[in-house]
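A quick write-up on the structure given underneath.
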Amino acid sequence: MPTSKPFPTRTIEIVTWLDSYGAGPGWTDINDLEATPTRVTSVGVVVAERNGVLVIAPHVTEGPDGAKHICGEMHIPRNAVVSRVVVNRGKEVGRE
């Protein structure tokens, strides 16, 4: 039976962060340039915080054999984070 480490936390957070955005479909006049980042809001279970990155996942599961899986995770640079709001601290996530 495979064994895996528990999720580092079972905390659900709303994370607001700044992201870059891509160019439009054509040429941009430099006088029309809007040099501002995009503000993004993401929600998920905090699954890792290391190497300057916050990783949250909206989908987490723990199988009957104890194997843990995540899907759709976001790797957010910590220095891009504007705010974090805890929704559900420490309660069971990913199991019925």
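The values are calculated or read from the model by the stated rules, or taken from the named source; none is laboratory data. Just so it is clear, the structure is predicted and the values come from calculations on it, not from any experiment. Using ideal geometry, Cβ is built from the backbone for each residue, glycine included, and neighbour counts are taken over all protein chains shown.
Just a yes or no: is a residue in the stretch 7-14 part of a loop (DSSP other than H, G, I, E, B), modelled with pLDDT under 90, out of contact with any Lys or Arg (no Cβ under 7 Å at 6 or more places or on another chain) and surrounded by 14 or more Cβ atoms within 10 Å (Cβ to Cβ)?
yes
What are the pairs with Cβ atoms under 7 angstrom where one residue, in the stretch 68-82, is at pLDDT below 95 and the other, located anywhere, is charged (D, E, K, R)? Sequence gap at least six, or different chains.
68/62
I need a count of the residues in the stretch 33-50 that are in contact with a Lys or Arg (Cβ under 9 Å, 6 or more places away or on another chain) and without any contact (Cβ under 8 Å) to a residue 40 or more places away in the chain.
1
The conditions are (1) at pLDDT 85 or above; (2) over 23 Å from residue 77 (Cα atoms); (3) in contact with a strand residue (DSSP E or B) (Cβ under 6 Å, 6 or more places away or on another chain), and residue 4 fails exactly one of them. Which is it?
Just one mismatch for residue 4, condition (1).
On the given criteria, is residue 17 assigned to a loop (DSSP other than H, G, I, E, B) and either aromatic (Phe, Trp, Tyr) or in contact with a Ser or Thr (Cβ under 6 Å, 6 or more places away or on another chain) (or both)?
It is false that residue 17 is assigned to a loop (DSSP other than H, G, I, E, B) and either aromatic (Phe, Trp, Tyr) or in contact with a Ser or Thr (Cβ under 6 Å, 6 or more places away or on another chain) (or both).
Please list, ordered by first then second residue, the pairs with beta carbon atoms under 9 Å, 6 or more apart or interchain, first in the stretch 10-32 and charged (D, E, K, R), second surrounded by 12 or more Cβ atoms within 10 Å (Cβ to Cβ) and in a loop (DSSP other than H, G, I, E, B).
Cβ pairs passing all conditions: 10/93; 10/94; 19/37.
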